[in-house]
Amino acid sequence: MANADNKPAGAGRRIDEATNTETVGHEWDGIEELNTPLPRWWLWSFYACIVFAIGYCIAYPAWPMVHSATEGMLGWTSRGQLEKDLEAQQQERAKIVADLAITPIEKLPGKPALMRAAVAGGAAAFKVNCVQCHGAGAAGSNGYPNLNDDDWLWGGDLATIEQTLIHGIRQPGDADTRVSLMPAFGKDGLLTPAQIQDVTSYVLSLSGKEKASPASQRGAAIFEANCAVCHGAQGTGDRQFGAPNLADAIWLYAGNREAVSQQIGNPRHGVMPAWGERLDPVTIKMLAAYVHALGGGEDFATVATPAQSEDQPEAAATETAAE
């Protein structure tokens, strides 16, 4: 059999009359396949890809070896590219970092652009250093304070937050760390179990968790004699001692009877790292700006009290927050 040009077809193959194209030679249920050649543009593109791949393997690291890989004629590495990118970013940030370094933290609100940069940098630093305890949204968890609210033990202005970040809370070895220790009224036998339950009733009544009762009335007298020196007569706390507000229904551990009575009888005391030993001053300043901007930050009208030393009065209370 021959095609229109009288060229012989392959053995056992025929020429399709409609397209004048040779078939591949096999048939199934009357269906045959045409042996249509690839378009030239596709073929040349395929050859170009092969040439490009060979050139790429020569120019860049490509073939894995026993201990490393072929280096390539250009000497390019992903690690080297990363270092260049990091260096470029550092150069871009250099001016902002320099401005933050020379700007007192209390002056940041007066420089909106610099404050925004500090908050953005603090958000990044928070994700690396703080989310493990405070959570990705800084909402805290059982035993770890919520940084979004306005409940502060020592104060929520920028300078006070920075001080807390630098020296931490109950951090061993730091003379300026924040310290507030509550007596173990049950463990040390300062109060009987019945008295602890009465004080618990009174503390819960301060925030409206329980209604006034004979037990809370008895607890009020015990509170006045043992707890008011740190928490105040109304239980609203005292930042001088880092004593929490017991009347705002914000709790560090929990606000149920069991948790409150446990904290009175055998209190737990959390520890926050002194970040001044781990982070540079600019990063700490950015973290302070970020925490302040979360929603509970205070202005400088409230004077921040100095960090308390261990020989100052102990804070007798259920801790509600440890910002």
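Coordinate-derived values only; no laboratory data. Model, not experiment: these values are computed from the prediction. As a convention, Cβ positions derive from the backbone with ideal geometry for all residues, glycine included, and neighbour counts pool all protein chains shown.
Summary of computed values
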| quantity | calculated |
| --- | --- |
| Linear extension gain, A233 paired with T70, 0.36 nm per residue minus alpha-carbon span | 51.1 nm |
| Segment R257-K95, length gained on full extension (0.36 nm per residue, minus Cα span) | 53.0 nm |
| Angle in degrees between helix 281-293 and the longest Cα principal axis of the chain, rounded to the nearest 10 | 80 degrees |
| Cα gyration tensor category, rounded, prolate or oblate, for the range 83-133 with a/c compared to 1.5 | oblate |
| Using alpha-carbon coordinates, inclination of helix 158-167 to the longest axis of the chain, degrees | 90 degrees |
| Pairwise FRET efficiency - V51 versus N20, Cβ, R0 = 35 Å, nearest 0.05 | 0.55 |
| Extension gain from D188 to D85, taking 0.36 nm per residue of separation minus the Cα-Cα distance | 31.2 nm |
| Whole-Hz ³J(HN,Hα) from phi, Karplus 6.51 cos²θ - 1.76 cosθ + 1.60, for the range 97-102, glycine and proline x | 4, 5, 5, 5, 5, 9 |
| Cross-link pairs beyond the 19 Å C-alpha cut-off, checked among K127/K285; K95/K285; K84/K111; K187/K211 | K84/K111; K187/K211 |
